[in-house]
Amino acid sequence: MNRSTSIFPVFLLTVFLIGAGSAAPLEEYGDRIYEPELQLNFPRDANLAHSLGFEQTYGINGFMVYNDALRFIRFLNAQAYLGTTNWRLPTIDELRHLYHVDGVAWVYADPSAAQPFENLGAMYWAQNIRSFDFFNGEELSFAAYRHVLPVANSRAWPGFRPPQPPLPLY
(Lines give C-alpha, C1' and ligand atoms only; values in the text may rest on other atoms or scores of the structure.)
Protein backbone atom coordinates (compact mmCIF):
# COMPACT_ATOMS: atom_id res chain seq x y z
CA MET A 1 0.00 0.00 0.00
CA ASN A 2 1.45 3.35 -0.93
CA ARG A 3 1.65 6.13 1.63
CA SER A 4 -1.01 8.41 0.10
CA THR A 5 -3.75 5.76 0.28
CA SER A 6 -2.98 4.95 3.93
CA ILE A 7 -3.37 8.59 5.01
CA PHE A 8 -6.74 9.10 3.31
CA PRO A 9 -8.84 7.05 5.83
CA VAL A 10 -7.22 8.94 8.73
CA PHE A 11 -8.09 12.25 7.03
CA LEU A 12 -11.73 11.16 6.57
CA LEU A 13 -11.98 10.01 10.20
CA THR A 14 -10.54 13.33 11.40
CA VAL A 15 -13.06 15.33 9.33
CA PHE A 16 -15.89 13.14 10.64
CA LEU A 17 -14.85 13.50 14.29
CA ILE A 18 -14.46 17.27 14.04
CA GLY A 19 -17.92 17.55 12.48
CA ALA A 20 -19.47 15.15 15.01
CA GLY A 21 -18.31 17.23 17.96
CA SER A 22 -19.85 20.46 16.78
CA ALA A 23 -23.01 21.49 18.55
CA ALA A 24 -24.91 24.64 19.33
CA PRO A 25 -22.94 26.53 21.98
CA LEU A 26 -24.10 26.76 25.54
CA GLU A 27 -26.33 29.78 26.06
CA GLU A 28 -25.96 32.02 29.09
CA TYR A 29 -28.99 33.59 30.79
CA GLY A 30 -27.88 35.32 33.98
CA ASP A 31 -27.47 32.68 36.69
CA ARG A 32 -28.49 29.90 34.32
CA ILE A 33 -26.76 28.02 31.49
CA TYR A 34 -28.92 26.48 28.76
CA GLU A 35 -27.74 23.48 26.71
CA PRO A 36 -29.81 23.72 23.50
CA GLU A 37 -29.16 20.27 22.04
CA LEU A 38 -30.41 18.45 25.16
CA GLN A 39 -32.76 21.32 26.14
CA LEU A 40 -31.40 21.37 29.69
CA ASN A 41 -30.79 24.17 32.18
CA PHE A 42 -27.94 24.24 34.69
CA PRO A 43 -27.10 26.83 37.32
CA ARG A 44 -24.09 28.92 36.29
CA ASP A 45 -22.50 28.17 39.69
CA ALA A 46 -21.18 24.60 39.41
CA ASN A 47 -20.59 24.48 43.19
CA LEU A 48 -23.97 25.88 44.13
CA ALA A 49 -24.27 23.82 47.33
CA HIS A 50 -21.21 25.52 48.77
CA SER A 51 -22.18 28.97 47.51
CA LEU A 52 -25.63 28.66 49.14
CA GLY A 53 -24.10 27.40 52.40
CA PHE A 54 -25.68 23.95 52.06
CA GLU A 55 -23.05 22.03 54.01
CA GLN A 56 -24.51 18.74 55.26
CA THR A 57 -23.32 16.04 57.65
CA TYR A 58 -19.92 15.37 56.10
CA GLY A 59 -20.02 17.94 53.33
CA ILE A 60 -17.15 20.35 52.96
CA ASN A 61 -16.64 22.91 50.18
CA GLY A 62 -19.71 21.59 48.37
CA PHE A 63 -18.63 17.93 48.39
CA MET A 64 -21.29 15.61 49.77
CA VAL A 65 -22.42 12.01 49.92
CA TYR A 66 -25.16 10.84 47.53
CA ASN A 67 -28.03 11.10 50.04
CA ASP A 68 -27.06 14.69 50.82
CA ALA A 69 -26.99 15.39 47.07
CA LEU A 70 -30.62 14.23 46.90
CA ARG A 71 -31.46 16.44 49.91
CA PHE A 72 -29.84 19.38 48.14
CA ILE A 73 -32.00 18.79 45.04
CA ARG A 74 -35.13 18.71 47.26
CA PHE A 75 -33.94 21.94 48.90
CA LEU A 76 -33.61 23.67 45.50
CA ASN A 77 -37.08 22.52 44.47
CA ALA A 78 -38.64 23.65 47.78
CA GLN A 79 -37.02 27.07 47.32
CA ALA A 80 -38.03 27.21 43.61
CA TYR A 81 -34.42 28.13 42.89
CA LEU A 82 -34.19 30.30 39.76
CA GLY A 83 -37.98 30.07 39.48
CA THR A 84 -38.32 26.35 38.81
CA THR A 85 -39.20 23.29 40.89
CA ASN A 86 -38.03 20.48 38.60
CA TRP A 87 -34.34 20.27 39.56
CA ARG A 88 -32.81 16.80 39.51
CA LEU A 89 -29.43 15.11 39.31
CA PRO A 90 -28.18 14.79 35.73
CA THR A 91 -27.66 11.44 34.06
CA ILE A 92 -24.18 10.17 33.25
CA ASP A 93 -24.93 10.72 29.56
CA GLU A 94 -25.88 14.37 30.19
CA LEU A 95 -22.61 15.00 32.06
CA ARG A 96 -20.66 13.15 29.38
CA HIS A 97 -22.34 15.35 26.75
CA LEU A 98 -21.25 18.51 28.60
CA TYR A 99 -17.70 17.18 28.68
CA HIS A 100 -17.33 15.79 25.16
CA VAL A 101 -19.62 17.99 23.08
CA ASP A 102 -19.81 21.27 24.97
CA GLY A 103 -16.19 21.18 26.15
CA VAL A 104 -16.94 22.02 29.78
CA ALA A 105 -13.53 20.69 30.82
CA TRP A 106 -11.81 23.68 29.20
CA VAL A 107 -10.96 24.92 32.67
CA TYR A 108 -8.60 21.96 33.18
CA ALA A 109 -6.88 22.30 29.82
CA ASP A 110 -6.51 26.07 30.14
CA PRO A 111 -7.65 27.75 33.38
CA SER A 112 -7.66 31.14 31.63
CA ALA A 113 -10.03 29.94 28.89
CA ALA A 114 -13.52 31.41 28.85
CA GLN A 115 -16.13 28.91 29.90
CA PRO A 116 -19.70 29.44 31.10
CA PHE A 117 -19.65 27.75 34.52
CA GLU A 118 -18.29 29.32 37.69
CA ASN A 119 -16.64 27.24 40.44
CA LEU A 120 -16.32 24.14 38.26
CA GLY A 121 -15.05 21.15 40.23
CA ALA A 122 -13.86 17.80 38.93
CA MET A 123 -16.27 15.13 40.20
CA TYR A 124 -20.08 15.33 40.11
CA TRP A 125 -22.93 13.11 41.19
CA ALA A 126 -25.27 11.66 38.58
CA GLN A 127 -28.48 9.69 38.93
CA ASN A 128 -28.42 6.15 40.34
CA ILE A 129 -25.38 6.66 42.61
CA ARG A 130 -23.07 7.20 39.65
CA SER A 131 -20.56 10.00 39.20
CA PHE A 132 -18.55 11.68 36.46
CA ASP A 133 -15.07 13.16 36.49
CA PHE A 134 -14.66 16.34 34.42
CA PHE A 135 -10.89 16.17 34.88
CA ASN A 136 -10.48 13.10 32.65
CA GLY A 137 -13.96 12.67 31.12
CA GLU A 138 -14.74 9.31 32.70
CA GLU A 139 -17.52 7.75 34.72
CA LEU A 140 -16.31 6.79 38.18
CA SER A 141 -17.27 3.40 39.53
CA PHE A 142 -16.68 4.20 43.20
CA ALA A 143 -17.76 7.43 44.76
CA ALA A 144 -17.85 8.81 48.28
CA TYR A 145 -17.97 12.63 48.09
CA ARG A 146 -18.85 14.56 44.97
CA HIS A 147 -20.17 17.96 43.92
CA VAL A 148 -23.72 18.43 42.63
CA LEU A 149 -24.53 20.11 39.30
CA PRO A 150 -28.35 20.25 39.28
CA VAL A 151 -30.24 20.14 36.00
CA ALA A 152 -33.77 21.19 35.05
CA ASN A 153 -35.25 20.21 31.72
CA SER A 154 -37.70 23.00 31.27
CA ARG A 155 -37.82 25.44 28.39
CA ALA A 156 -40.73 27.23 30.07
CA TRP A 157 -38.55 29.37 32.29
CA PRO A 158 -39.32 32.75 33.82
CA GLY A 159 -37.70 35.27 31.53
CA PHE A 160 -36.72 32.64 28.95
CA ARG A 161 -36.72 33.97 25.43
CA PRO A 162 -35.93 31.43 22.75
CA PRO A 163 -33.35 32.63 20.25
CA GLN A 164 -35.01 34.58 17.43
CA PRO A 165 -34.04 33.90 13.84
CA PRO A 166 -32.27 36.82 12.22
CA LEU A 167 -34.41 39.12 10.11
CA PRO A 168 -33.91 38.76 6.37
CA LEU A 169 -31.75 41.44 4.79
CA TYR A 170 -34.13 42.37 1.97
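For the reader, a short list of remarks on this structure follows.
- Each residue, residue 77 and residue 96, gets one label point 7 Å from its Cα in the Cβ direction; the gap between the two is 2.5 nm.
- Among 98, 52, 26, the sequence by solvent-accessible area, most first, with a 1.4 Å probe is 52, 26, 98.
- In this structure the amide hydrogen of residue 91, modeled in the peptide plane, comes within under 5 Å of the amide hydrogens of 127, none closer than 5 places in sequence on its chain.
- Amide H contacts of residue 45 (H built 1.01 Å from N, under 5 Å, at least 5 apart or other chain): 118
- ³J(HN,Hα) computed for each position of segment 145-150 - Karplus, 6.51 cos²θ - 1.76 cosθ + 1.60, integer Hz, glycine/proline x: 10, 9, 7, 10, 10, x
The values are calculated or read from the model by the stated rules, or taken from the named source; none is laboratory data. Keep in mind that what you see is a predicted model, and the values were worked out from it rather than measured. A quick note on method: Cβ atoms are made from the backbone with ideal geometry, for glycine too, and the neighbour counts reach across all protein chains shown. In case anyone asks, the SASA skips ligands and DNA or RNA and just uses the protein heavy atoms, side chains included. Shrake-Rupley method; radii C 1.70, N 1.55, O 1.52, S 1.80 Å.
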